[in-house]
Every structure is written in C-alpha cells, then in structure tokens.
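Contents: one structure, followed by commentary.
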Amino acid sequence: MAAGESVIRVRGLVNRFGQHRVHDGLDLDVFSGEILGLVGGSGAGKTVLLRTLLALRQPQAGSIRFFGEELVGASEARLRALRQRIGMLFQGGALFGGLNVIDNLTLPLREHTDLSSAVAEELALIKLEMAGLEPEVACLYPNELSGGMIKRVALARALIMDPEVLILDEPTAGLDPVNAAAFDALIVELSRLLGLTVLMVTHDLDALWQSTDRVVYLGQGRVLEQGPIDTLSQSQIPAVSRYFADRRSRERMN
Amino acid sequence: MGAPATVQLEGQSLTCAGEWRLPGVAALEARLEQLSLPRGRLEISGEALEGLDVAGARLLHRLVSRVEAAGGEVNLHLCEEHRRLLELAARVRRPERLHEPRESFLSEVGRVSWEHWWEFRGFLGFLGEVVAEFARRLLRPSTARPRRFLNELEQGGVRAVPIVAVLSFLVGLVIAYQLSTALDTYGATVFLPELLTTTMLRELGPLIVAILVAGRTASSYAAELGTMKINEEIDALRTLGISPFDMLILPKLLALIFALPLLTVLAGLSGMLGGALVNWAVHEQGVTAFLQRLPEGMSYRHFWLGLVKAPVFAAVIALIGCRQGLRVKRGAGGVGQATTRAVVQAIFAVIVINAVFSIIYNLQGL
C-alpha cells in the first residue's frame, strides 16, 4: 500500500449508549505508515472508538473501512481475515494468565496458521527480541512479570501475526518515565522497521511529542481538531488549548 | 491481497514469488522442507516477491541456513527492505529451556502423591493457624463482626434452605420406597419408620447437607477469596489495618458452623416427611401411625449422633474453601482451579470424616 493512502477510514460514525451520544458523526482517517495519536478528555469516547474499530462493538451508524474494506456489518469470516492484519495492545496487556509467555505469543500462530511449532516458537522469540526482552522470559507466566515487561510481551503478541496496523491503548500508562520513554522509542523504531501504521490513544505529552506524526483531538463526539502536535498544541479551540495547557502544567508540577 | 506465495526450483536457482506474508506463507513451510536442494551454489532470487513479513523472512532464513549447513553457498537477490527483514529474522536467541521437560509416569505419580501429602499438611497448618487466631479473638470479643456473620449466614445458610429441603425430601422418599420393597418380602413393613430414622437422621441427612453445602459454599468461598487475592484486595485490607481473618474467614467459618446443624435438622425432618408420605401411600398408614412407630429413645439418639457431625463438616468445608481461595496465584485460571479443588477436597473430606465417625460410633457401641 502506498504511503499517504488511508488505511483506516471512518465516516459518520455514531455510537450511542441510551440517550448519550458518544460519537456523533465522527470522521477519521489514518494514513499508511503514520503514527497517529488520539487524545481527548475522559469520556470523549477514545476507548469506545478503539472497540468499534476492532469490531468488538457494532456502531449505530456510519462506515469503517480498513484497507478499503467495510468493517461494519462484515461477516465473521471477513472479520477474522481482517483482524489478522491488525495488532492490538490492550491497556493492561491482556496476557492470558494461564499460559506462559511463549504460549501467549504462539497462540494466534497455532490457531490461524499451519506453521510447525518450531517455526512458531522461533517467530515468537524474534518478536520478544524486537520488543527488547531477554529470551529467558519465554517460560515465565504473566504474574511473574513486571508492569514494563507485561507491556513489552503484549506488544510482542500484538506483532505476532505481522500486522500492518498496530492499535495501542495507552501504551505507556502505568510505566515510570524512563520505561515509558524507552517504550515510545521502541514503538517508533518498530513501526519504521516493519512499515507499520500506528494508532495510539495516549495521555502522555512526551509520547505525543516524541513519536506521533499527527494527533487527533476527540471531543463532543467528533474530531475537534487534527494536525501535527506542534500546531495542535497552539490550537485556538478552547477545549483543545485547555487540554494541552492543563497537561503541561501538570507535567511541570511532576 | 496479492498473489499466493510460491517457490520454484530449477537447477541451481530458486525463485520466490507472490506474497510471503502470514497467514498464506505458512502453507509454504512444508513445501520448503521437502525441496531437495542442489549441492554447491544456490541462487535465490526474490525480486518477484510482492511482500515479505517476518514470518516469510524466517522461512527464507531457514532455507538459507539449511543450504549453508550442507556446505553449500547462497547468493541472495533481494531488495534492500527485504534484506533488512531477513537480517531481523535471523536474530533468534534461544533461552536455555523453552518448555518444562515432560515427566515420566512414575515421577508424575510420585510428584502428585507428594503434593497431596503437602496439601494435607498445609491444611493442618491452616487449621492450626485459624484455631490460634480464633483463640486470641476469644479474649477480645470486640473484634467480632456480627454484620458480616449475619450476611454469611444468609448466603450460606438461609439461601440453602429450599434446595436442602427439596433434595432431602426426595432422598427420604426414594429410600422409603426401596426399604418397603425389601421389607415387604419378609412382611416386616412395620419397621419402615425405625429404619428410616437410622438412615435419614443419622447418616444421609447430615451427609446430604454437607455435600450440598460443600458444592454451594466451599466453591463460593474459594472463588470470592481467590478473586480478592488476585485483585490485591486482601493486601489492601491488610494495609488498611483490617485483618482479613476477622473480616473474611472468621465470619464465614462461624456462620457455617452455626448454619449446618440447623440445615441438618431440616434435612432430617423433610427426609422423614418423604418417608411418611411413602408409608401412607404404599402401606396406607397415616402420619400419626408413622410417628407412633418411631422408637422414642432410639430416634433421639440417632438424631443427636447425626447432629454432632454437622459442625465438624461445617468447619472443614469452610476452612477448605477459604484456604484454597487464599492460595490462588495465577490469574483467572487460578480462581477456577481453586474452586474445583475446594469442592473436590471438601466433598472428599466430608465422606472420609463421615466414615471415621461411623467407625468411632461402632467402637463405642452407639
């Protein structure tokens, strides 16, 4: 897919909970090869948007196209094929507690491909290495890992099917600043290396400045403003400028 | 999606084409393994590749290393991007061991027996701890939590009333039917009430209640405490200066010890009611006749002998449930395992203790 083409294309998305409209005609484009940051206040519908993009939730109206293919109302078989091209990193890692690290990583390979277990394990070890982990963690269980390691294993699992799109929900939440900066750098490095398109929800200003090509601000059920972080942080829209002023002062206090 | 991944071998040259990406490239693995590679120099051309990912690159890497291991030489024609991926896919560092070595049958038998032995010792240890803590609490009654106790009493006792009543009624009914068929043969149906008291009041009543409560309550204790453990709620209680023992274990234990004898009385009564119904339907004897047939001293004795067992069952069930819950370590799957273990162990313990009681009663001539 050529750079600049839109990999995810959302048009007129409506998500309602009862009377409450979380998304009200939301339009969003994620272009091939970019790292897009998704920000917005609490309750702005960031997580709901991610869930809708992953087809974990059916929207009330609107269209979502991945690689030009409609997701809303697609059959299970189409969805399964589409999902193999999307990697997802959940906020808490969502590693399977009953499986050790290597089995967590090879599970999708065993389910969806006929690869021999030797190759599946090699691929898992490559992904662990990419995620900056020692191979010795392979036989540990999730409850034996630290918070930073859980994120890295979860990233390795998100990459196991060699997806074209990577979706990250608050990748650096709960990490200390040093670990968070290293994780941001890792995401940038991997996305360049593997030619990934990345969509990430984050509240971390450092991450927004360091790693994103473009940032989208979600508010009032729509995209209020979008652009590179330096223009967005100078935005004249009250809600957006308040968000950035607030974050900055808080970071300064820290 | 691009063309499917293909590979073609002609003499000394191998051509890779199509999209070498997951999931399609996986089908190629077996085909690559079967290729009879020529000796000497192999030209691999990948200019026709439409796509390559890490999985595809790894398969290619395996092919290259196979040729090189056989003493051959490889000349790769790849674009810059694919060459970089190939380098990436070559980096596999293996840990010393990836899987637990599979153990032999004998060592598994040994390990499992050892584990059961330790499980038993662990239970005794937990019992000792609880008794010690409880003794200390007796000196300071102000630590008691009546509200928690009542709450547990409702969950474990009151809510079990309908199922205990119905099931023991049915068991009494079935036992009475079976007994009366056998007694009919000897024309001894008048002994039905007496036999019923022994079975229902002394044996089956307490056992049915204990097994039901083991299934209902031991599992719920294990699941509740296990979930609290993995959510760090138990640690949170400790840091707030609240003893999890006072807050969680003691109310559960006492509530069950209080509730089980009452449930046992209920089970005995409704079992006898079932028997009386059969007596009336089959032998056309009314309830008063049934009651008159009950040997007075005897049935009191059976009643008390049955009732004595109930608090012991209760303590064992509550302790097993709590202990399994507190031992949970590994996430949600651990809670499931703990719940299963709690129910299995509780029912096992109840039946074993019941047998021990029978032996003791017999030796004492009761």
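In units of 2.2 N^0.38 Å, what is the alpha-carbon radius of gyration of region A:72-133?
Against the compact-globule rule of thumb, the ratio is 1.26.
State, to one decimal in nm, how far the label point of B:A144 lies from the label point of A:A74, with both points 7 Å from Cα in the Cβ direction.
6.4
Which of A:D29, A:D184 has the fewest other C-beta atoms within 10 Å, and how do the rest follow up to the most? Don't skip to the end; give the middle numbers.
Details: A:D29 18, A:D184 24.
Placing the least packed residue first, the sequence is A:D29, A:D184.
Neighbouring Cβ atoms within 10 Å as the yardstick, rank A:S42, A:S241 fewest first.
A:S42, A:S241
Please find the FRET efficiency linking B:S65 to B:V282, where r is the Cβ-Cβ separation and R0 is fixed at 60 Å, and quote it to the nearest 0.05. Before the final figure, lay out each step's value.
On the way: r = 83 Å, r/R0 = 1.38.
Taking R0 as 60 Å, the efficiency between B:S65 and B:V282 is 0.10.
Size of the dipole of region B:107-251 about the Cα centre, Lys and Arg at +1 and Asp and Glu at -1 on the beta carbon, nothing else charged, in debye to 20?
Rounded to the nearest 20 debye, it is 480 debye.
Give me, ordered by chain and number, the residues 5 or more places off A:L145 or on other chains with an amide H under 5 Å from its own placed amide H.
none
Just to confirm the number: angle between the C-alpha axis of helix A:101-112 and the first principal axis of chain A, 0 to 90 degrees, nearest 10?
80
Assigning unit charges at the beta carbon (Lys, Arg +1; Asp, Glu -1) and nothing else, what dipole magnitude in debye, to the nearest 20, does the protein assembly as shown show about its Cα centre?
With only Lys, Arg, Asp and Glu charged at Cβ, the dipole is about 1940 debye.
Mind listing which GluC sites (Glu not before Pro) in region B:224-262 are in a DSSP loop and have 15 or fewer other Cβ atoms within 10 Å?
Numbers: sites: B:E224, B:E232, B:E233; in loops: B:E232.
Filter output for region B:224-262: B:E232.
Using a cut-off of 22 Å between alpha-carbon atoms, which lysines can reach B:K309, once sequence neighbours fewer than 8 places away in the same chain are excluded?
Straight-distance partners of B:K309: B:K252.
All other residues with a Cβ under 9 Å from the Cβ of B:P95 taken together, and with Lys, Arg as +1 and Asp, Glu as -1, what is their net charge?
Summing Lys and Arg as +1 and Asp and Glu as -1 gives 0.
So for A:D103, A:D24, A:D176, A:D169, fewest C-beta neighbours within 10 Å to most, what's the order?
Details: A:D103 18, A:D24 15, A:D176 11, A:D169 21.
The order, fewest Cβ neighbours first, is A:D176, A:D24, A:D103, A:D169.
Please give the helix A:238-253 orientation as an angle from the longest Cα principal axis of chain A, in degrees from 0 to 90, rounded to the nearest 10.
60
Looking only at other chains, what is the average number of their beta-carbon atoms within 10 angstrom of each beta-carbon in A:115-121?
Mean inter-chain Cβ contacts per residue within 10 Å come to 5.
Which of the listed residues, A:L125, A:I102, A:G18, is farthest toward the dipole's positive end in the protein assembly as shown, when Lys, Arg count +1 and Asp, Glu count -1 at the beta-carbon?
A:G18
Quote the relative contact order of chain A in percent (integer), defining contacts as alpha-carbon pairs under 8 Å separated by 6+ residues.
25
To the nearest 20 debye, what is the magnitude of the charge dipole of region A:7-80 about its Cα centre, counting +1 on the Cβ of each Lys and Arg and -1 on the Cβ of each Asp and Glu?
Numbers: 10 positive and 7 negative charges, 48 e Å.
So the dipole magnitude of region A:7-80 works out to roughly 220 debye.
Compute the angle between helix A:147-158 and the longest alpha-carbon principal axis of chain A, please, reported from 0 to 90 degrees and rounded to the nearest 10.
Once rounded, the angle reads 80 degrees.
Along the charge dipole of region B:203-282, Cβ charges K/R +1 and D/E -1, which of B:F245, B:V278, B:L266 sits furthest on the positive end?
B:V278
What number does chain A give for Rg over Rh if you use C-alpha atoms and the Kirkwood radius?
Result for chain A is an Rg/Rh of 0.97.
For a quick check of your reading of the filter: which GluC sites (Glu not before Pro) in region B:94-150 sit in a DSSP loop and have no more than 15 other Cβ atoms within 10 Å? Mind showing how you got there, number by number?
Details: sites: B:E96, B:E103, B:E108, B:E115, B:E119, B:E129, B:E133; in loops: B:E96, B:E103.
In loop regions of region B:94-150 (DSSP not H, G, I, E or B), the sparsely surrounded GluC sites (Glu not before Pro) are B:E96, B:E103.
7 Å from Cα along Cα→Cβ at both A:A185 and B:L170: what's the point-to-point distance in nm?
It is 6.7 nm.
Grab the DSSP H runs of the protein assembly as shown that are 4 residues or longer, score each as -39,500 (n - 2.57), total them, divide by all residues and round the 222 nm result to the nearest 500 deg cm²/dmol.
Roughly -18000 deg cm²/dmol at 222 nm, from the helical runs in the protein assembly as shown.
Among the trypsin sites (Lys or Arg not before Pro) in region B:130-214, which ones are in a DSSP loop with at most 13 other Cβ atoms within 10 Å of the Cβ? Mind listing them? Before the final figure, lay out the partial values.
Numbers: sites: B:R136, B:R137, B:R147, B:R148, B:R159, B:R202; in loops: none.
Filter output for region B:130-214: empty list.
Step through the residues of region B:126-141 one at a time and calculate ³J(HN,Hα) from phi using the Karplus curve (6.51 cos²θ - 1.76 cosθ + 1.60, θ = phi - 60°), rounding each to whole Hz and writing x for Gly and Pro.
5, 4, x, 4, 5, 4, 4, 4, 5, 4, 5, 5, 4, 6, 10, x
Select from B:S142, B:L291, B:L305 the residue farthest towards the positive end of the dipole of chain B; place +1 on Cβ of Lys and Arg, -1 on Cβ of Asp and Glu, and compute about the Cα centre.
Comparing the listed Cα positions along the dipole, B:S142 ranks first.
Read the figures in this text as sums done on the coordinates, not as results from a lab. For clarity, every value in this text was computed on a predicted model and none was experimentally measured. Neighbour counts run over all protein chains shown; Cβ positions are idealised from the backbone, glycine included.
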